[in-house]
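The values are calculated or read from the model by the stated rules, or taken from the named source; none is laboratory data. None of these values were measured; they are calculated from a predicted model. Ideal geometry is used to build each Cβ from the backbone, glycine not excepted, and the neighbour counts take in all protein chains shown.
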There are 2 protein chains.
Amino acid sequence: MSSGRELFARDGPEAQMDEIAARAGVGIGTVYRHFPTKEALLTAMVRDRFQEFGEIATLAEETVDARDVLETVMRRSAEAVEGDVGFQLAMMGSNQLEWEGIEEEKAVLAAVVTRIIRRAVEAGAVRDDFTFEDFGMVMCGITSTMYYKPGSADWRRHLAIVVDGLCPPGRVEQDRPTRS
Amino acid sequence: MSSGRELFARDGPEAQMDEIAARAGVGIGTVYRHFPTKEALLTAMVRDRFQEFGEIATLAEETVDARDVLETVMRRSAEAVEGDVGFQLAMMGSNQLEWEGIEEEKAVLAAVVTRIIRRAVEAGAVRDDFTFEDFGMVMCGITSTMYYKPGSADWRRHLAIVVDGLCPPGRVEQDRPTRS
DNA sequence: CAGCATACGGAGCTAACATTCCGTTTGTCA
DNA sequence: TGACAAACGGAATGTTAGCTCCGTATGCTG
């Protein structure tokens with residue numbers, strides 16, 4: 001239901017079933033024939049999006065240098081979420097046990113990102129105690145900037161700070177971008 | 001209304017007026033005699049808490065070494081919010097224009113923190129493009145970890161990563177704490 | 001104590017939404 | 001074309017929660 005996605009993107013979980021149905025040009029009954037509850041509809045959309053994350057990470061893993069993959073994945077994932085309030089909330093909530101039914105997609109993502117982190121650590125670009133769980137944690141933080149400062153590009157600065165914090169201790173950083 | 005604060009701490013803005021009144025041992029009417037709307041009640045509580053932030057920062061400014069003040073303020077502010085869901089949401093939302101009526105308290109906080117940042121930059125402990133707005137942004141991120149992983153201490157790790165990211169470029173970091 | 005004012009309590013009003021249910025339409029098969 | 005099935009639409013329902021309003025209690029003044 002792609003019209004559901006549009007509204008979910010604009011309003012988040014607040015999006016109303018009536019409006020979703022109207023936007024899709026169908027009656028409410030029809031929506032409920034496809035998804036038993038509102039939550040089922042939201043879960044379906046979140047699952048789709050999580051799959052996207054997996055694809056983003058996979059693509060980056062195959063094409064980007066080990067030292068830069070992690071930052072690339074973080075940046076591209078964030079960009080994928082930009083302007084999609086519903087997805088932002090879902091991403092933040094995905095750390096919690098809030099979303100049931102996306103376990104599989106999340107496992108795929110975890111596998112890819114874990115590999116990417118390992119490569120980055122071996123390349124000396126990332127501190128060696130960084131984990132997939134940490135990845136989710138900092139992504140959640142960066143997403144919160146997007147959510148609470150909609151339309152601003154401040155999250156890129158937040159990302160830059162976090163990326164700097166991920167360097168291994170003792171490493172002299174260079175070429176750090178300045179404030180935009 | 002301190003009983004309101006307890007419920008707000010547990011349930012956030014979801015806290016219900018009936019329950020707040022019952023907890024306070026008064027009728028709903030009485031609550032509405034003190035606060036015209038639910039939002040007014042929430043704002044009053046958020047304002048109190050923001051004042052606390054100002055006090056935390058002021059105390060730290062007076063007693064902590066320039067190189068460590070900023071981290072101390074961040075840590076103590078986060079600790080003040082631990083276990084208080086309502087306050088966590090308020091802190092995250094305070095970056096947005098969501099909360100009207102806390103301008104004064106926020107201005108006080110901004111003044112103190114801006115001074116603290118300047119001192120830290122001069123001491124060479126913090127990158128020189130860091131601003132009060134950035135402070136709010138990263139605090140929002142750290143708070144989001146608290147909110148979405150309630151009861152865990154992961155936010156301390158998030159804080160550590162961010163603090164590392166705030167070092168001036170080229171500085172060799174030392175004594176970085178490892179994963180807890 | 002009578003009269004007045006101030007503050008209280010909480011039943012009930014209202015609006016917002018998710019969800020259900022049934023009359024109607026559309027499609028299929030003989 | 002007629003009979004049956006499958007899918008549809010949206011009015012009606014149920015529930016939740018903020019808020020209002022009026023009858024009552026408390027306290028003060030003369």
Would you tally the residues in segment A:32-47 being loosely packed, with under 14 Cβ neighbours inside 10 Å, near DNA strand C (Cβ under 7 Å from one of its atoms) and among the basic types (Lys, Arg)? 0
Going through A:Thr30, A:Thr37, A:Thr58, A:Thr72 one at a time, which residue ends up being more than 20 Å from A:Ser144 (Cα to Cα) and in contact (Cβ under 8 Å) with a residue 12 or more places away in the chain? A:Thr58
Could you say which residue among A:Glu71, A:Glu62 is within 14 Å of chain B (Cβ to nearest Cβ), charged (D, E, K, R) and more than 8 Å from DNA strand C (Cβ to nearest atom)? A:Glu71
Can you report the number of residues in segment A:94-107 which are crowded, with 17+ Cβ neighbours inside 10 Å, assigned to a loop (DSSP other than H, G, I, E, B) and more than 9 Å from chain B (Cβ to nearest Cβ)? 2
Being modelled with pLDDT under 95, closer than 30 Å to B:Ala123 by Cβ, under 19 Å from the mean Cα position of the chain (by Cα) and acidic (Asp, Glu), is that true of even one residue in segment B:9-24? no
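Got a sec? Which of B:Gly101, B:Gly29, B:Gly54 is within 16 Å of DNA strand C (Cβ to nearest atom) and farther than 20 Å from A:Ile161 by Cβ?
B:Gly29
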Could you pull out the residue among A:Ala125, A:Ala120, A:Ala110 that is surrounded by fewer than 23 Cβ atoms within 10 Å (Cβ to Cβ) and closer than 17 Å to A:Thr72 by Cβ? A:Ala125
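Could you say which residue among A:Glu98, A:Glu61 is at pLDDT 90 or above and of a type in the set (Asp, Glu)? Walk me through it before giving the result.
Numbers: A:Glu98 fails: at pLDDT 90 or above.
One residue alone meets the criteria, A:Glu61.
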